[in-house]
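The values are calculated or read from the model by the stated rules, or taken from the named source; none is laboratory data. Since this is a predicted model, take the numbers as computed values, not measurements. Every residue, glycine as well, gets a Cβ built from its backbone with ideal geometry; the counts of neighbours run over all protein chains shown.
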DNA sequence: TGATATTATGACACCGGTGTCAGATTAGGA
DNA sequence: TCCTAATCTGACACCGGTGTCATAATATCA
């Protein structure tokens with residue numbers, strides 16, 4: 001046998017027509033039990049596998065989803081945000097569970113990442129994942145919608161289509177962090193992140209945080225804020241600049257764990273003790289969080305559930321079913337950095 | 001325009017035949033420059049994308065590689081070894097660079113992971129990645145070879161086909177670790193890992209380590225070894241059992257960073273100070289390593305290069321070119337856990 | 001001007017399945 | 001025994017491209 005076996009080969013050996021082979025292998029009720037058995041038998045012997053290209057071509061669907069991970073262009077090429085890596089793991093598993101394959105692709109946010117996966121019938125739908133400047137993305141989202149591309153999005157809200165977004169309740173998560181700091185009596189708080197509409201996720205975290213403070217009659221000092229993207233480096237520099245400007249605080253809320261870890265490094269360097277002098281709370285609960293010193297108090301996003309929801313919603317979209325706006329509950333994980 | 005545009009639509013609007021469209025879009029020298037331009041023009045307007053299924057079906061290749069990540073079944077479902085996540089990142093990038101798509105799939109090592117990707121023409125070749133008991137895999141490797149499946153493997157050596165393996169020089173890495181500990185004067189060393197042929201990577205690390213000690217006339221004490229798989233938990237328990245058995249040592253070499261991190265936890269718990277009482281060296285240089293307390297001295301595997309080599313070798317294999325056995329140089333990263 | 005080479009294009013088979021339709025065979029009922 | 005229904009199977013068109021071959025149109029040269 002040279003080359004791979006085709007359904008015609010099976011047909012030949014099983015003494016039936018190719019049509020029957022196709023039906024038998026898909027367990028169509030139309031074929032006789034005995035025939036079905038024989039066909040399966042031969043197929044197994046010849047190690048036959050359906051040619052997905054042919055099958056997909058005919059049925060016009062691919063049983064494949066594509067994950068586009070777009071990263072902040074300023075972040076280091078070699079280091080991928082561990083939070084997304086965790087998401088990737090759960091998405092992969094969720095896909096497998098649903099019988100879908102997963103194409104993975106990293107995109108720099110500048111490039112033409114509406115990519116051709118769906119248009120070229122490589123994938124039935126897209127999952128978009130990434131931090132970064134969402135204003136850049138809105139026009140691309142629009143293009144996708146115009147082209148009727150099926151996609152879901154982590155975190156980023158898509159104008160007029162909240163059903164396309166799966167997100168952690170960032171606002172609620174920010175509140176959790178605030179209430180925790182308030183409970184420990186640390187009301188003089190700094191915020192490191194990006195409280196603009198360029199990063200809606202960070203912004204929502206900040207809003208929730210601020211509102212929880214306001215509810216207790218404590219106003220956040222706008223000066224005690226510094227911008228940072230979600231990298232350790234960025235968190236480090238932002239915090240250093242606060243310290244350099246002689247800004248004082250006894251607690252710090254970072255918009256992500258990576259930022260928090262960078263912040264802790266800056267604090268340590270300035271001989272400011274965590275948690276004694278400053279309580280630190282992060283966001284994400286990446287794997288590293290429990291290993292840093294001190295272990296990081298953080299708001300957990302349930303990546304397993306998130307991956308599952310992304311896949312579920314996308315499949316519903318593909319099947320034309322109704323999809324609801326999806327918000328996942330955050331959970332506070334208290335560790336040494338804040339007690 | 002209902003549905004996606006096909007090459008016939010382009011042909012219609014450009015006033016040429018479908019054949020010419022196909023040629024023009026692939027920039028065949030056979031088509032007239034003016035025609036080519038017009039066809040591209042129309043294609044762009046209709047947002048036409050080549051149907052990969054049709055194209056792949058005809059050309060009998062997919063421009064896709066599949067990454068099969070098989071994990072130790074005992075490891076926690078939700079936590080993926082960060083080392084592999086890093087590899088995944090670099091493999092993805094390497095694929096993109098070569099113009100290949102990447103299918104990602106997690107396999108539990110028990111399942112039928114010779115998977116159908118290649119047989120079903122979903123992928124042109126496989127990349128296998130995973131820790132675990134390699135004896136389990138050998139028969140599966142054999143099946144793959146028998147079926148002429150193109151694949152490469154990280155770490156695991158495939159009998160008689162060393163060209164199919166890309167690996168870090170684990171033996172050399174073990175030596176690096178040993179020489180470092182010897183240089184710091186800590187010759188009474190424990191080893192946590194698996195020094196059997198069930199995990200050839202760990203075994204090689206141990207061998208290199210042992211040989212370097214022997215070269216200095218120091219023999220390792222066989223009793224100061226404990227088995228562990230590559231998880232924090234496992235490293236923790238293995239180290240605890242050594243301590244519980246009253247086994248003393250002033251340095252410790254862990255077969256992987258995760259194990260080392262678990263070991264440090266066990267040591268701390270037993271009030272044994274790192275690095276004062278015990279120097280610890282790990283292997284992998286996962287992202288966490290620099291954040292633990294104390295920062296972990298470790299042997300770095302260059303994941304970027306590794307991913308690139310895996311992809312390069314696999315593509316060579318697919319193209320029928322000659323592939324050499326590939327061994328990547330390790331590098332010692334000295335941090336606080338051993339000085 | 002006629003013969004030949006060159007260039008550009010269209011017609012058509014083909015890749016390997018899936019779905020439809022028609023027809024053969026057997027069973028069931030009168 | 002004949003007719004209709006139920007069951008099973010094969011022939012065939014089709015999905016949307018790619019590659020081969022034939023041929024028309026134009027250029028080249030004697």
Can you tell me which residue is nearest to DNA strand D (Cβ to nearest atom) among those in region A:50-70 that are in a strand (DSSP E or B) and within 9 Å of chain B (Cβ to nearest Cβ)? A:64
Within region B:248-265, the count of residues that are within 14 Å of chain A (Cβ to nearest Cβ) and more than 28 Å from residue B:87 (Cα to Cα) comes to 0
Kindly check whether there is at least one residue in region B:230-240 that is in a helix (DSSP H, G or I), closer than 30 Å to residue B:89 by Cβ and within 12 Å of chain A (Cβ to nearest Cβ). yes
Quick check, is residue B:288 closer than 27 Å to residue B:100 by Cβ and either more than 12 Å from chain A (Cβ to nearest Cβ) or in a helix (DSSP H, G or I) (or both)? no
In region B:265-285, how many residues are out of contact with any helix residue (DSSP H, G or I) (no Cβ under 7 Å at 6 or more places or on another chain) and either modelled with pLDDT of 95 or more or in a strand (DSSP E or B) (or both)? 5
Among the listed residues A:209, A:151, A:191, A:202, which satisfies the condition of being buried (at least 19 other Cβ atoms within 10 Å of the Cβ) and over 25 Å from residue A:333 (Cα atoms)? A:151
Does region B:306-317 include one or more residues that are under 18 Å from the mean Cα position of the chain (by Cα), closer than 20 Å to residue B:258 by Cα and not in a helix (DSSP H, G or I)? no
What are the residues in region A:92-110 that are more than 7 Å from chain B (Cβ to nearest Cβ) and either at pLDDT below 85 or touching a strand residue (DSSP E or B) at 6+ places or on another chain (Cβ under 6 Å) (or both), if any? A:95, A:100, A:107, A:108, A:109, A:110
Selection status of residue B:157, under 17 Å from the mean Cα position of the chain (by Cα), assigned to a loop (DSSP other than H, G, I, E, B) and either surrounded by fewer than 22 Cβ atoms within 10 Å (Cβ to Cβ) or modelled with pLDDT under 85 (or both): yes
Please work out if residue B:126 is more than 12 Å from every other protein chain (Cβ to nearest Cβ), part of a strand (DSSP E or B) and at pLDDT 85 or above. yes
Going through region B:148-178 in order, the residues found to be within 26 Å of residue B:252 (Cβ to Cβ) and in contact (Cβ under 8 Å) with a residue 60 or more places away in the chain are B:154, B:167, B:168, B:169, B:170, B:172, B:173, B:174, B:176, B:177, B:178
Can you pull out the residues in region A:25-52 that are within 26 Å of residue B:143 (Cα to Cα) and near DNA strand C (Cβ under 9 Å from one of its atoms)? A:25, A:26, A:48, A:49, A:50, A:51, A:52
Which one is nearest to residue A:58 (Cα to Cα), of the residues in region A:16-28 that are more than 7 Å from DNA strand D (Cβ to nearest atom) and surrounded by fewer than 19 Cβ atoms within 10 Å (Cβ to Cβ)? A:22
Could you check region B:240-262 and list, in sequence order, the residues that are over 20 Å from residue B:208 (Cβ atoms) and more than 25 Å from the chain's Cα centre (by Cα)? B:240, B:241, B:242, B:243, B:244, B:245, B:246, B:247, B:248, B:250
Looking at (1) within 14 Å of another protein chain (Cβ to nearest Cβ); (2) away from DNA strand D (no atom under 11 Å from the Cβ); (3) free of Cβ contacts under 8 Å to residues at least 40 places away in the same chain, find the lone condition where residue B:47 falls short. (3)
